[in-house]
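This report refers to the structure that appears directly beneath it.
The values are calculated or read from the model by the stated rules, or taken from the named source; none is laboratory data. Owing to the predicted nature of the structure, the values given are computational and were not obtained by experimental measurement. Cβ placement follows ideal geometry from the backbone for every residue including glycine, while neighbour counts extend to all protein chains displayed. Ligands, DNA and RNA are stripped out before the accessible areas are found, and what is left, the full protein with its side chains, is counted by its heavy atoms. Shrake-Rupley method; radii C 1.70, N 1.55, O 1.52, S 1.80 Å.
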Amino acid sequence: MTDLDYDPFSSEVLADPGPHYAALLESCPVHRYDGFDPPFYSLSRHDDVRDALRDVATYSSHYGQGPNMTVPGSMQSDPPQHTFFRRQVQQAFTARAVNEMQPRIEALVDELIAGFIDRGEADIHDELAYPLPTIVIAQMLGVPEQDREVFKEWSDASVAAMSSRTPEVYRPQLEALNAYLIDQARHRLALEAAGEPLPDDLISRLVTAEQDGRRVGEADTVALLGQLLVGGNETTTSLITNALVRLTDDPANWERLRAEPDLVEVAVEESLRFDPPVLGLFRTTTCPVQLHGEEIPERAKVMLLYAAANRDPRVFDDPNTFSLDRDLDDLRRHHLSFGYGIHFCIGAALARMEARITLAAMVEQFSGLRMTAMPERIAPFLLWGKKTLPMAWEVARGAS
């Protein structure tokens, strides 16, 4: 059944997609949306989304993970290309590598908080949730500190273009980003040619990577760097802002977290389940698919709705309630906010750590945390997060 009135671009869905996902889950598990070019289908039930993520032969990433038909390559591709590129960067994102970053991230969070906590009010997005992951991923890539602001602007443009009806609007920013990354890559190759040591960063690792005895091409290197940039900041910013919104919507949640700081990990995972920063990503079918009495044709774009799957009552009890009483292992095992299978988010451990450290520091230092105005939503329809988060608080005793 695909005639349910569901428009992912409507103001009602953009403001609060939850009730609309409930309708999809109940009566329209396969939905066709004709208001985009090309039209696309949406899958909402947990088992269907998980199975599609696992079945890369049928649900391909070759034509991009957004609604437009593109060929982004590198990690947004199918095996064996995906396997090769993921192998080049996965060492930087292993649990061990991320754990080694913990002291540096804790110090950075403390430094950022110290810059505004005594004011008693601020936009937490601008002061903390946005700069933290931007700085971390820029350091990992090897981006000079003076370039980080424009780097973030280019990242935002990349995300917007991925989900836009008019992606050509963002061409100047994307061309500027590509030119910058090419320049960084060529600088490292020049160092190598001169016999100079290369910086220990991801750009250096990629420009020296080889596939079948040959260096990776410049276009693939730039594509992967761009994907790491986008995945490394916007989604973590949204994870932090989304968690803070839910934890302060009901003041009892924040005060409980202050009294029971061991619940921080549960808060992070429940935020991921309830408010995934990526509402869903796309695949393209390689053959006709029969599902729930509907046929999805070959070469159709299909949106896999992580956010709907995370609220499937077949998997989660009372799924439309944000709760700190959920089992941590159960949350991690079943929510699909980082995807599933070979495309499981390579930065999941890092995102979790950044959010956990941020919440732990704020729980210790901020009393009576509250929103002072409604936050504004970020624009891309397939993402879920805030671009503003005005808040006020009292400094906890001994925190300043």
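Numbers for the structure displayed
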read-out	value
Residue count, region 126-161 (criterion: of a type in the set (Phe, Trp, Tyr) and either within 15 Å of the chain's Cα centre (by Cα) or open to solvent by less than 10 Å² (accessible area, probe 1.4 Å) (or both))	2
Residue in region 261-278 that is touching a strand residue (DSSP E or B) at 6+ places or on another chain (Cβ under 8 Å), part of a helix (DSSP H, G or I) and farther than 21 Å from Arg148 by Cβ present	no
Selection within region 371-400 - exposed (fewer than 15 other Cβ atoms within 10 Å of the Cβ) and among the basic types (Lys, Arg)	Arg397
Candidates Val264, Val245 - the one that is under 30 Å from Arg397 (Cβ atoms) and in contact with a Pro (Cβ under 7 Å, 6 or more places away or on another chain)	Val245
Extreme residue, farthest from Ser27 (Cα to Cα), among residues of region 324-353 that are open to solvent by 20 Å² or more (accessible area, probe 1.4 Å) and touching an Asp or Glu at 6+ places or on another chain (Cβ under 7 Å)	Leu328
Candidate set from region 188-208 (those that are part of a helix (DSSP H, G or I) and over 17 Å from Met140 (Cβ atoms)); member that is nearest to the chain's Cα centre (by Cα)	Leu189
Enumeration of residues in region 80-113 that are among the hydrophobic types (A, V, I, L, M, F, W, C) and without any contact (Cβ under 8 Å) to a residue 24 or more places away in the chain	Ala97, Ala107, Leu112
Pairs, first free of Cβ contacts under 8 Å to residues at least 40 places away in the same chain in region 219-238, second part of a helix (DSSP H, G or I) and of a type in the set (S, T, N, Q), C-beta under 7 Å, six or more apart	none
Lone qualifier among Pro131, Pro67, Pro167 - being in contact with a helix residue (DSSP H, G or I) (Cβ under 7 Å, 6 or more places away or on another chain), under 22 Å from Ala379 (Cα atoms) and at pLDDT below 85	Pro167
Failed item, numbered, when Thr321 is tested on (1) of a type in the set (Val, Ile, Thr); (2) assigned to a loop (DSSP other than H, G, I, E, B); (3) touching an Asp or Glu at 6+ places or on another chain (Cβ under 8 Å)	(3)
